[in-house]
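In what follows, a structure is listed as structure tokens, so that the remarks can point back to it.
The values are calculated or read from the model by the stated rules, or taken from the named source; none is laboratory data. If you're wondering where the values come from, they're calculated on a predicted model, not measured in any experiment. Note that each Cβ is placed from the backbone with ideal geometry, even for glycine, and that neighbours are counted across all protein chains shown. Each accessible area value is taken on the protein alone, full model and side chains, heavy atoms only, with ligands, DNA and RNA left out. Shrake-Rupley method; radii C 1.70, N 1.55, O 1.52, S 1.80 Å.
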Amino acid sequence: EEEEDEMHGRASEARRSGAERSERSEEANSQREIDRRSTMALELRLPREMFRAGPWKTPEILSAFGDLSKVAAMIRRSKRILVLTGAGISASCGIPTFRGKGDFYDTVAREFDLPDGSAIMDAHFFRDDPRPFFKVARRLYPSNFSPSAAHRFLRRLDDSGKLLRDYTQNVDTLERVAGVRSVVYCHGSFSTAVCTRCDRKFAGEYIEDEILSGTVPRCRSCDGGVIKPSIVFFNEMLPRGFYHSLSEDAPRADLLLVMGTSLSVAPVSHIPAALRHIPSVFINAESVSACDEGLFDVFVRGACDDAIRNIERHLQLDLPGRCP
């Protein structure tokens with residue numbers, strides 16, 4: 001009996017110990033999640049309250065060629081749509097996307113024998129040697145391309161008054177070419193340039209010839225400083241206007257529409273977490289980790305242009321013009 005009691009005692013102690021470890025683990029996970037949300041709020045300069053744990057969303061997965069009347073209805077009901085776009089909306093224009101196999105960074109890594117192709121858009125790497133960037137910059141330069149159906153759809157949203165703002169991670173300015181007025185260039189653009197030595201500002205066209213020829217543009221005012229397009233490289237700050245606009249728009253938005261992005265570059269990638277409390281749609285060629293984080297109501301799998309043309313058919317009577 002004594003042995004049996006001892007065995008029961010050890011078993012009870014083991015259960016208590018296991019329960020305590022489980023409780024400590026849950027507390028640690030909970031604290032890590034709180035810390036993660038605090039970090040996102042800090043990086044986006046938004047109130048922490050916007051990152052409170054909201055309802056977990058299990059996205060309805062739809063095909064770009066399927067029935068997208070639900071997405072059209074969400075757009076129809078909304079009055080202030082915050083749009084977040086990435087390279088996927090420019091892919092059909094001929095501008096490469098960045099992170100897939102055979103895409104921009106992968107190609108650049110092989111061309112310049114780099115362990116990571118994104119180094120070519122790193123501020124420190126650029127300061128050491130700007131030549132690789134300018135050898136490939138013409139592949140991204142906007143004068144070589146025309147807007148896609150997705151860009152023109154944004155123009156229609158803007159004209160209808162439904163577009164609160166498009167937060168684009170792209171630097172090609174094709175939104176502007178399409179006539180979108182309510183746009184924030186989160187990562188800068190080719191529209192302006194600056195001398196890295198004397199800070200003189202230039203219109204983007206001033207260095208167009210050098211970009212298209214793959215040579216390094218030099219400043220005549222300071223006898224040779226490198227003129228860099230006003231693109232936000234890695235290890236550089238985002239434009240102040242980004243934070244100001246987002247602080248105004250985030251509390252007002254009633255629909256989040258995310259298109260053509262892997263959501264892998266912070267802090268812009270945190271925007272869906274800040275807007276978890278409103279309806280949300282994600283359109284992309286493939287699923288990304290954010291799809292598994294309870295952030296989206298609907299995930300439309302496929303090319304952005306295909307999805308947009310499908311959605312647009314349901315909205316012909318609601319928005320001005322038409323996307324070809």
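Structure above, values below:
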read-out: Residue list for region 163-196, filter: in a loop (DSSP other than H, G, I, E, B), charged (D, E, K, R) and at pLDDT 95 or above; value: Arg181
read-out: Residue ID - nearest to Ala193 (Cα to Cα), chosen from residues in region 222-248 that are in contact (Cβ under 8 Å) with a residue 60 or more places away in the chain, surrounded by 13 or more Cβ atoms within 10 Å (Cβ to Cβ) and among the polar types (S, T, N, Q); value: Ser245
read-out: Matching residues in region 55-98 - criterion: being within 14 Å of Gly260 (Cα to Cα) and either in a helix (DSSP H, G or I) or acidic (Asp, Glu) (or both); value: Ala87, Gly88, Ile89, Ala91, Ser92, Cys93
read-out: Filter result for Ile75 (open to solvent by 50 Å² or more (accessible area, probe 1.4 Å) and either on the phi > 0 side of the Ramachandran plot or touching a residue at least 40 places away in the same chain (Cβ under 8 Å) (or both)); value: no
read-out: Met50, sole failed condition from (1) open to solvent by less than 20 Å² (accessible area, probe 1.4 Å); (2) outside any loop (DSSP other than H, G, I, E, B); (3) among the aliphatic types (A, V, I, L, M); value: (1)
read-out: Test: Asp158 is within 30 Å of Glu208 (Cβ to Cβ), buried (at least 21 other Cβ atoms within 10 Å of the Cβ) and out of contact with any helix residue (DSSP H, G or I) (no Cβ under 8 Å at 6 or more places or on another chain); value: yes
read-out: Residue count, region 78-91 (criterion: touching a helix residue (DSSP H, G or I) at 6+ places or on another chain (Cβ under 7 Å), open to solvent by less than 20 Å² (accessible area, probe 1.4 Å) and of a type outside the set (A, V, I, L, M, F, W, C)); value: 1
read-out: When residues of region 249-286 are limited to those that are in contact (Cβ under 8 Å) with a residue 24 or more places away in the chain and among the hydroxyl-bearing types (Ser, Thr, Tyr), the one most open to solvent (accessible area, probe 1.4 Å); value: Ser264
